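Data first, discussion second: the structure below is written as structure tokens.
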Amino acid sequence: MTTPPEEQNIYVAIWAKAVDTQMHFNEMSVKSRQFGLAFVAAALGLGIVLLSRGEEFAIPISMGKGGFDLHATVLVVIAGAFALIAVRILDLNVYHKMLRGAVTFGEDFEQNYMKKVFRLEKGMTQAISHFSRYSDASIRDRGGKYEYSGSKKKTALDKLRLFYNVSTGTVAGAALVLFLVTAHFGHPGSTSGGTFSSSEFKGYGNRPSPPTSKAITKPGK
């Protein structure tokens, strides 16, 4: 049965709007990931600058007879890791779910309506989903029509989870390495055998130096 031209125009208009919606949610997802990666890059850049200043930005922490330094670079890199976690929550639980909804509608619409107009094996949304979900996706030309095949399925959600796991783990690992390198475990004690506390260290550089003693001679009688 041939679909009337007026009905075909309605189908095409609905399909075009569905594609625009998919593009909108996909753009929002990409922008959230770009923001997270840009924040991490900025945090790493700031961390390198602080690290180049040496112990000037290190916070000494005393523990019993020893202690360690907590460099500001470590805190900055940890902040980058938490930023990635926050972006992951926003991306996977909000934007990606909306995108999946839009894609599911597009696949359903193409399967039940757009095939009446274009008479293709798969619509555009279905074809994109096929190549996104199967790592070994391929096509064969069967007399002018494509036949899609693939067996190694891995959804976009699985790929995104892997991306965030690797990214967050890398940044957290970098923070751990920086902490171990800059901690300087076991602060040397002061001249009296004690250790510096954080408050004492902050004011230590501002203490006036003791006056030098000078020999006083009396004029002879």
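No lab work stands behind these numbers, since they all come straight from the coordinates. Keep in mind that this is a model prediction, so the values were computed, not measured. Note: ideal-geometry Cβ built from the backbone for every residue, glycine included; neighbour counts use all protein chains shown.
Using the Cβ atoms and a cut-off under 14 Å, what net charge is assigned to the surroundings of TYR164, where Lys and Arg are +1 and Asp and Glu are -1? Write out the running numbers ahead of the final one.
Numbers: positive: ARG33, ARG88, LYS159, ARG161; negative: ASP91, ASP158.
Summing Lys/Arg as +1 and Asp/Glu as -1 gives +2.
What is the calculated FRET efficiency for ARG53 to SER151, with r their C-beta to C-beta distance and R₀ = 45 Å, to the nearest 0.05?
Values: r = 55 Å, r/R0 = 1.22.
The value I calculate is 0.25.
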How much net charge surrounds ALA13 when only the other residues with a Cβ under 12 Å from the Cβ of ALA13 are counted, with Lys and Arg +1 and Asp and Glu -1?
-2
For segment 1-62, give the magnitude of the charge dipole about the Cα centre (Cβ charges: +1 Lys/Arg, -1 Asp/Glu; no others), in debye to the nearest 20.
180 debye
Ranked highest first by the average count of other Cβ atoms within 10 Å around their residues, in what order do 69-81, 102-114, 4-16 fall?
69-81, 102-114, 4-16
